[in-house]
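Read-outs: derived from the displayed coordinates by stated rules, not from any lab. Since we're looking at a predicted model, the values are computed, not measured. Here the Cβ positions follow ideal geometry from the backbone for every residue, glycine too, while neighbour counts run over all protein chains shown.
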Amino acid sequence: MRRREFLVHAGKVSLVSAAAFNFGCSISPIVDERPGKTALIYGSRYGSTKETAYWVAEGIERDIDVLDVEAIDFEVIIKKYDQFILGSGIWIDGAHVRLMELLKAYPTEIESKIIASFIVCGTPGDDEAGKLRLKGYFKKFHAPLAVKPVVNANFGGRMVIDRLNDKDRLLLDNFYRNVLKRPFINWDRMEPKQAKAFGVELNIVVKG
């Protein structure tokens with residue numbers, strides 16, 4: 001199946017369930033003439049997305065490079081890699097600033113190479129309000145792209161208030177009190193098993 005046919009097929013499949021992430025039954029493999037080099041690029045503020053990125057890579061079980069968006073040269077990676085998986089933590093101001101800069105600087109190149117994306121945040125998506133928030137996060141994350149990735153997943157993150165900088169602490173305290181109507185406390189919803197499972201399912205779309 002060619003890439004264009006794959007995108008048409010996968011676009012018809014609902015992949016919004018935050019609980020299962022079992023994409024294998026609904027996605028057909030991409031067959032390409034040559035192997036490709038894959039980069040999983042993540043943007044992490046306090047470490048949760050970085051850990052999740054490595055769990056996803058572990059599940060893929062193929063030779064891919066896991067890269068911190070803050071430590072890469074955009075022009076170099078755009079030329080070097082044939083496929084991208086992008087992952088970002090989500091905060092009050094949205095996805096990681098540097099990752100958004102990459103998408104805005106090279107939207108056409110990213111569109112032709114991106115095979116999946118994921119976000120890490122505190123929204124569980126177990127009610128309608130949560131599902132709408134997650135949908136909004138992905139919409140903003142993918143906004144620079146005319147062609148959106150069809151394989152997406154969201155994972156739980158972690159909140160350690162003592163590690164937050166002053167700006168984030170104030171913004172999140174206000175968000176929890178006035179928007180979520182919940183106490184602003186430490187929590188941990190990291191999901192290593194789900195992240196690895198997502199990586200396993202990506203094996204069928206990662207060339208290598």
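The range 60-109 and the range 128-163 have their alpha-carbon centroids 15 Å apart. Seen from S48, the other residues with C-beta closer than 12 Å to its C-beta sum to a net charge of +2, counting Lys and Arg as +1 and Asp and Glu as -1. Subtracting the Cα-Cα distance of D166 and R98 from 0.36 nm times their residue separation leaves 22.5 nm of extension gain. Checking the Cα-Cα distances for K80/K135; K140/K181; K104/K140; K139/K196; K37/K113; K50/K181 against a 21 Å cut-off, the pairs over it are K80/K135; K140/K181; K139/K196; K50/K181.
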